[in-house]
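K.L.:
Sharing a structure here in structure tokens format.
Just so it is clear, none of the values below were taken in a lab; they were calculated from the coordinates. Everything quoted here is computed from the prediction, not taken from an experiment. Virtual Cβ from ideal backbone geometry, glycine too; neighbours counted across all protein chains shown.
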Amino acid sequence: MLNIIGLVALLAMTAVLVWSSVRSWRLKNSFLKWGGVGATALFAVAAFSVSVLVVSGLIKLHVRNAPAPNVKVAGTPEQIERGRAISDSFCGACHSKTGTLTGGWDVGTELPMYMGAFVSANLTPAGRVSQWSDGDIFRAIRNGVDADGHWLMMMSYTSASRLSDEDTQALIAYIRSQPPAGGTIANPPDQLNLLGLAMLGAGLLPPGKPIVMGVNTAPAKGPTAAYGEYILSYQDCRECHGQQLTGGVPGQLGPIGPDLSIVKNWKREEFIQTLRTGIDPGGHELSGRMPWRSIGKMDDDELTAIYNYLSHTLGNQNTATY
């Protein structure tokens, strides 16, 4: 509603500026006439352009769509335990800031500029997901669209769509197992302000990860580079450390992270210790913006798998490139 009021105000401002420009044209004094016309026309064009971008952003906000799959999760103890591990090491970085999966953290406060509220949803039965089907939750995780068809922007910016079907169902089983906790979150949880809408309309914000309709699989769990590559595919390391994990670049949405091939110079135990304590082998403290506390909750096999991928596969790729 506030954005609609703001848009109306922009259009009203444009109309007033156009009227002022016409009035200036009628002035006898040439200096005042041309100065007034030039200034008011310039501001009118600027206000109208912003209005067009806001309207374009509002349209783009409602374009994303994906069907909810026909899924019914059994909720076995094994699924719940696997879902807990994924939640603790991945989802909890945003959804467990105030309690286990209670949401309520505004991710927008961590962005370079405040473009609106992006509040993590309450995933316990106290939140709206208790009214969703398993297919609705699956779609929200896989494609960033909620049960009402709203675009979950921040969710679509994550790499959660890379989770295998089996792991996604395990995560749903864990979410279903939680007791009610926390408070209600606004619907939809992502609310762009006028700046955010204008940036979206101008193409300055990403449209979200591509819609995924096929089946996602994962290699067998174990301390292998292949499994490490799978973990890194759904963890959001690339949002900060770059698509090749060789370092972030200016202009990306997330903070600029360092080249992760540095791990090839560490021992496996040092890598695991770094993600468990937040202190690297050189004694440097990891950035507070890196979710190392969540990632460090993975078991030794998972962290070893990541280490093997970064130190061997990624390290060899970088060496070959140079």
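K.L.:
Sorted from largest to smallest, which semi-axis lengths in Å does the alpha carbon gyration tensor of region 225-321 give for its equivalent ellipsoid, taking the root of 5 times each eigenvalue?
P.N.:
Value: 18, 17, 13 Å, ordered largest first.
K.L.:
Work out which trypsin sites (Lys or Arg not before Pro) in the chain are exposed loop sites (DSSP not H, G, I, E or B, at most 12 other Cβ within 10 Å) and give the longest gap free of them.
P.N.:
For trypsin sites (Lys or Arg not before Pro) (loop position, at most 12 other Cβ atoms within 10 Å), the longest site-free span of the chain is 73-266.
K.L.:
Okay, next question. From largest to smallest, what semi-axes in whole angstrom does the chain give when each is the square root of 5 times an eigenvalue of its alpha carbon gyration tensor?
P.N.:
Equivalent ellipsoid of the chain: 44, 26, 16 Å, largest first.
K.L.:
A further question follows. Quote the Stokes-Einstein diffusion coefficient, in whole µm² s⁻¹, for region 77-191, based on the Kirkwood radius over alpha carbon pairs, a temperature of 25 °C and a viscosity of 0.890 mPa s.
P.N.:
176 µm²/s
K.L.:
Quick one: check the C-alpha center-to-center distance for region 70-124 versus region 257-310, whole angstrom.
P.N.:
Taking the Cα centre of each part, region 70-124 and region 257-310 sit 22 Å apart.
K.L.:
As an exercise, find the ratio Rg/Rh for region 93-152 from alpha-carbon atoms, using the Kirkwood inverse-distance average for Rh.
P.N.:
Using only Cα positions, Rg/Rh for region 93-152 is 0.99.
K.L.:
Considering the dipole of the chain built from charges on the beta carbon (Lys and Arg +1, Asp and Glu -1) around the Cα centre, which of LEU200, ALA117, CYS91 is farthest to its positive end?
P.N.:
So the residue we want is LEU200.
K.L.:
Looking at this model, which pairs from LYS97/LYS264; LYS72/LYS221; LYS97/LYS209 are more than 27 angstrom apart at the alpha-carbon?
P.N.:
LYS97/LYS264
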